[in-house]
Each structure stands twice: as C-alpha cells, then as structure tokens.
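Undergrad: Questions regarding the structure given below will be posed in turn.
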Amino acid sequence: MTNNNSFDAHREDFPIFSDLKDAYLDNAATSHKPYSVIEAEQTFYERYNSNPLRGFYPLSLEATNQVELARDKVRGFINAKSTKEIIFTKNATESINTAAFSFCTGNLKRGDKIVVAVTEHHSNMLPWRSAAKLIGADIEYLKCNNEGEFTAEEINRCIDERTKVVAVGIVSNVTGRTAPIDLIVQRAHQAGAVVFADGAQSVPHMKTDVQALDVDFLAFSGHKMLAAMGVGVLYGKEEILDKMPPFLTGGEMIDSVTLDEVTYAQLPSKFEAGTLNAAGIVSLGTAIDYYNSLDIEKIRQRELLLTKRAFEGLSAIPNVHIIGSSDHTDHAGILSFTVDGVHPHDVSEILSSDGICIRAGHHCAQPLLAHLGVYACSRASLMFYNTENEIDKFISSVSTIRQRMGYKDV
Amino acid sequence: MYNKSFYNEILIDHNMNPIHKHDIENAVCKLDGVNPSCGDSLTLMLNIEDNIIKNGSFTGVGCAVSQASADIMLDLIIGKTVDEAKEITELFMKMIQGTATEEEIEQLEEAGALRDISHMPARVKCAVLSWRTLSEVLTKQLK
Ligand SMILES: Cc1ncc(COP(=O)(O)O)c(C=O)c1O
C-alpha cells in the first residue's frame, strides 16, 4: 500500500512550486522539472561542455560519455535490449517523422496500407499521411467507440494482409485511455505489419517494457517526463532500424564520405544527424534517476488515486460531461470534459481566474473530436506532484462555471 | 465566494441572449470569418443601402467573447453609415491594442465591456473576429 501523503513532500523537489500558487493541471502538455534535472542540465554546460562527437581530447570524451550514460538509462527505463535501439531526437514529433519517412520509404510501395488510430495526436497522424502520399500508400483509420475503446472486431477488421504499419498511441492525450497494445501487436505481426507506438502520454506515467509489449517502435518526449524541452526518444528494434535509410543527413551520422559515395554510421548515430542537445539528454537521464528513486509503479498508483478523486468530483457536477470511458480507472491522469452551453475557452478563462491551469481546445486531435462528435473540450491532466487540495479547488471552480456564465441552474 | 472573472454582465447577457444571432435571407453582403487559433467561425450578414447599414446579423459557433463581441458590434453599427462603422471599428481595434483614451472607449458604449481583452493576448483573436470580418466587408466587398 502506497503512503499517498508521502508524495506531497516531493512537491518540494520542484522549484516552480515555491513561486507558482496556481494549480497546474496541464501536465499532459508538459511536466515541471525537479531541481536535480535543472542542475544536471546546468552542470553539463559548466563542467562537460564540448561537442559530444567522440572527440580526441578528454573534455569531448567526457561529453560523449555523459550522453551515452543517459542513453543507457533510457534503455533501462523502457527495457530495450541495446543502446543501439535508442535514438535521440528533439521531441516525440521528430521521432515519429523520422520513423514514418525512413521506414515507409525503405519498406512500403504503392497500394500498401498504413493503419492509423483515429485517436492519434496530429503528431502521430500527419507524418504517416505525408509518408503515405509520397509513396502512394493508403491510410485507413482504426476507429474507437464512444468510450474511446478499440474493440477486437475493429482491430481484426482494420488490420489486414495489405497493412504494413499500424500507428497507435499507447495512451490517448484526449481520453486518457490505454489502447489494447497486445491485441494490436498480435494482429499486426500476424499480418506482417510493424507497430509504431506513440508513448508520449504513457511513458511518463506507467511502466514501459518494449520487449514485453513487443512494439517495433516507440516515441516519447523528455519534457513531458520531468526533463528539459528539446529532447525526444525514438526506440526501434535493432534489426528493423538497421535496414532503414537515414532520415536527416549531414554531420555526425556517417562513416565516410567521398564526392560520389557515402557510408552511413552504425546505429544509433545513423539517425542522429547534427549536434545533439547533449545537456537536455543528460537532463533526461537525471529525470529517469528521479523516476527510479520514486518507483514508477507507485507514481502510477498515486496518479490513479488523484484521477479517481477528480473523476468523481466532475461526474457529480450537473451539465458536465467527461469524454471517454465511464470508468475512472481508464483515464490514467487525463480528464477531458465539456460544460453544456459554455465554450471550452470560457471554461479555461474562468478556471484561470480561480488560479487553475488547464487546457482548452482541440488538443491537437481534431479528427478524434470530430469522430466523437465533440466540437472542442477542456482537459485537466495530472501528475504525481499534484495534490488532493488542487483537485478539490478545480472541482469547486468547475461547479460554479455555468452560474458565472449566466445560467440560472442551482 | 469565487474570484471575479472578466465576464461582466454585459458580456454574459449578449452571449446568452444575442439579439442579432440569426440568418438574414437575401443578405447583400455575407462573409465568413475564422479564428485561426481555435477554428471558431462566424458568418456576418449585412444589408447596406445608400451607404447606410440597414440591417445586420451573425451566425456561427464560438466562445462568449467572440459571440458577445459580434452582438455588441451589430448593435453599434446598424443604422450607421459605412464611414461611421469604419470609424467605430478603428476605435475598437485601438481599445483592444490598449491605446484608446477613456473618451474613445466611452464612444464605444457597450463594446467597452471588452476593454480588458487588451491584457489578454490569448483572447484578442476571439474579440476581433467579427470586427475583422466587418472591416473586410466594408473595405473589400463594397465597391
Ligand atoms: C499523444 C501525443 N503524441 C505526441 C505529442 C507531441 O509531443 P511533442 O510536442 O513533444 O513532440 C503529444 C504532445 O502533446 C502527445 O500528447
């Protein structure tokens, strides 16, 4: 049993909370950073700063070393087999673009099919659509029901022998629901397709084991998991990455270049053209140390408890509707909702005047909202450092919105 | 009990009970405006005769700011000449940019209820959606 209150002490690990009095409930957009992470980034510049390109002098070797240490921490965090499978990018979006263009140009032909879940963030939808267009491949959408759920029938219907890639988010940034990755992987592999998993909303909040999941690719962003902005990760199975052409070309991703020929570097350098955000990468390694010191399983339990409190509070308010599952355990820290007769921008404006930070709009998932028949919505997203007090403040503010917008209901 | 938000009675009333939110059949001027930051859209309809705005209305979906702003705007410009409407529009834009004087804001009558938008950069596009659309009609569609 987790001692839930012990988490309140960890708020002090985050410098922003000594200033910020507002309740920050927009963690799905980006998380806050603990002291250790901020210090790690600064220390890199103070002590190791040099280009991490395996240079010939001790400082550059140390910079390289720092990056490689972080790479191994990332590998361990998602249980990848090898550090060759961990590619650093600038964010999840760049990771997805890299995989989409490189994998598709290397492996797909006209008439092949790419399956994309309708729940996807634009970042895990548009790169696949662009790649499909380039190649002449078809896109088919894996549809969820009104509760944001993918049924086995839909998975079996949608993924067929023509399918070469299935792109799906592990946790939706709108509904918070976890996709049945096991069923999708099984069906996709049976059909000879690879599975690209967007872990942007799952990796920060639950244990991720890429070998157990057996996904072929995984993308996520450091900034949503306590690290600096400007670092993303692309995981790919070594045997697949090995055969893929590079996406960006240029410095630091070659073995040799002549005027007519080029031999690309081995993994992971082949996909890391140009100078990396080494300090940011180091901060991601430190963020992972922080996660490990708290234990991600305990973090998840804490976040599920906070989610339950917020879910039950919102459900009890008349004229407020939660999007997705009616079971709070399906929401994994994300609660999107609408208030009858009040536009989401007005909802967030009123919450903001009460000192509560949430997100409003289409959440970069316009096709999903259209599919669910919602024009736009507001979203509260939680992190372990949020408190029960903040949730209560949020609920009490939401319960006054209609009245403050002129509705006479009591 | 709760903090004051900037939604004052004038805004709430124009949002809840808009007078000019309906279609006009055979509107001479009709133009769609879109707020690029959120996708909210509005259609403005005007009947202009002898250089006078005889009638006007709007339809569409949007937040309280864009809806109230459109309704207040139509209140202000119906019955005015095209030049007068242009002047009011300029004043409104000045107020939103935070450069209008107290006297100028007074001339804007109920639209003055939106003055705080000048400190709310995220909502400027909502407030000016109908006014930009109007300005486009008056400067481009009228020959
Ligand atoms: C599910 C999902 N995928 C991808 C992204 C894109 O992340 P980034 O902007 O860090 O590239 C986000 C961020 O909001 C997300 O929620």
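Undergrad: Tell me whether region A:49-67 contains one or more residues that are within 15 Å of the ligand (Cβ to nearest atom) and assigned to a loop (DSSP other than H, G, I, E, B).
TA: From region A:49-67, those within 15 Å of the ligand (Cβ to nearest atom) are none; that's our starting set.
Checked against the condition, which is being within 15 Å of the ligand (Cβ to nearest atom) and assigned to a loop (DSSP other than H, G, I, E, B), region A:49-67 yields no hits at all.
Undergrad: Hey, can you tell me all the residues within region A:118-131 that are touching a helix residue (DSSP H, G or I) at 6+ places or on another chain (Cβ under 6 Å) and more than 10 Å from the ligand (Cβ to nearest atom)?
TA: Taking region A:118-131 as the starting set, the residues that turn out to be touching a helix residue (DSSP H, G or I) at 6+ places or on another chain (Cβ under 6 Å) are A:118-119, A:123-124, A:127-128, A:131.
Matches in region A:118-131: A:118, A:127, A:128, A:131.
Undergrad: Moving to a separate point now. Does residue A:376 count as open to solvent by 20 Å² or more (accessible area, probe 1.4 Å), within 12 Å of chain B (Cβ to nearest Cβ) and touching a Pro at 6+ places or on another chain (Cβ under 7 Å)? Don't jump to the end; show me each part of the working.
TA: On the way: open to solvent by 20 Å² or more (accessible area, probe 1.4 Å): no; within 12 Å of chain B (Cβ to nearest Cβ): yes; touching a Pro at 6+ places or on another chain (Cβ under 7 Å): yes.
Criteria not met by residue A:376.
Undergrad: Please go through region A:209-227 and pick out each residue that is within 14 Å of the ligand (Cβ to nearest atom) and open to solvent by less than 10 Å² (accessible area, probe 1.4 Å).
TA: Narrowing region A:209-227 to residues within 14 Å of the ligand (Cβ to nearest atom): A:217-227.
Matches in region A:209-227: A:217, A:218, A:219, A:220, A:221, A:222, A:225, A:226, A:227.
Undergrad: In region A:315-361, which residues are assigned to a loop (DSSP other than H, G, I, E, B), in contact with a strand residue (DSSP E or B) (Cβ under 8 Å, 6 or more places away or on another chain), within 14 Å of chain B (Cβ to nearest Cβ) and surrounded by fewer than 24 Cβ atoms within 10 Å (Cβ to Cβ)?
TA: Selection gives A:340, A:355.
Undergrad: Checking the structure you have, find out if any residue of region A:54-70 is under 25 Å from residue A:245 (Cβ atoms) and of a type in the set (D, E, K, R).
TA: yes
Undergrad: Only one of these is within 30 Å of residue A:348 (Cβ to Cβ), within 14 Å of chain A (Cβ to nearest Cβ) and in contact with a Phe, Trp or Tyr (Cβ under 6 Å, 6 or more places away or on another chain): B:11, B:42. Name it.
TA: Numbers: B:11 fails: in contact with a Phe, Trp or Tyr (Cβ under 6 Å, 6 or more places away or on another chain).
Exactly one of B:11, B:42 is within 30 Å of residue A:348 (Cβ to Cβ), within 14 Å of chain A (Cβ to nearest Cβ) and in contact with a Phe, Trp or Tyr (Cβ under 6 Å, 6 or more places away or on another chain), namely B:42.
Undergrad: Here is a follow-up. Counting only residues that are within 16 Å of the ligand (Cβ to nearest atom) and either of a type in the set (Gly, Ala, Ser) or in contact with a Leu (Cβ under 6 Å, 6 or more places away or on another chain) (or both), how many does region A:80-117 have?
TA: We begin by selecting, within region A:80-117, every residue within 16 Å of the ligand (Cβ to nearest atom); these are A:87-101, A:116-117.
Add one more test, that the residue is either of a type in the set (Gly, Ala, Ser) or in contact with a Leu (Cβ under 6 Å, 6 or more places away or on another chain) (or both), and what stays is A:87-89, A:92, A:95, A:98-100, A:117.
The number of residues fulfilling the criteria is 9.
Undergrad: Tell me, please, whether a residue that is under 28 Å from residue A:324 (Cβ atoms), open to solvent by 50 Å² or more (accessible area, probe 1.4 Å) and either in contact with a strand residue (DSSP E or B) (Cβ under 6 Å, 6 or more places away or on another chain) or within 16 Å of the ligand (Cβ to nearest atom) (or both) can be found in region A:148-170.
TA: No.
Undergrad: When residues of region A:255-311 are filtered for being assigned to a helix (DSSP H, G or I) and among the β-branched types (Val, Ile, Thr), how many remain?
TA: Pass one, region A:255-311, residues assigned to a helix (DSSP H, G or I): A:269-271, A:278-294, A:296-311.
Narrowing the set further to residues that are among the β-branched types (Val, Ile, Thr) leaves A:281-282, A:286, A:288, A:296, A:299, A:307.
Final tally of qualifying residues: 7.
The values are calculated or read from the model by the stated rules, or taken from the named source; none is laboratory data. Predicted model, so just to flag it, every value in this text is computed and none were measured. For neighbour counting, all protein chains shown are included, and Cβ atoms are generated from backbone atoms with ideal geometry for every residue, glycine included. Just so you know, the surface numbers come from the protein's heavy atoms only, side chains and all, with ligands and any DNA or RNA stripped out. Shrake-Rupley method; radii C 1.70, N 1.55, O 1.52, S 1.80 Å.
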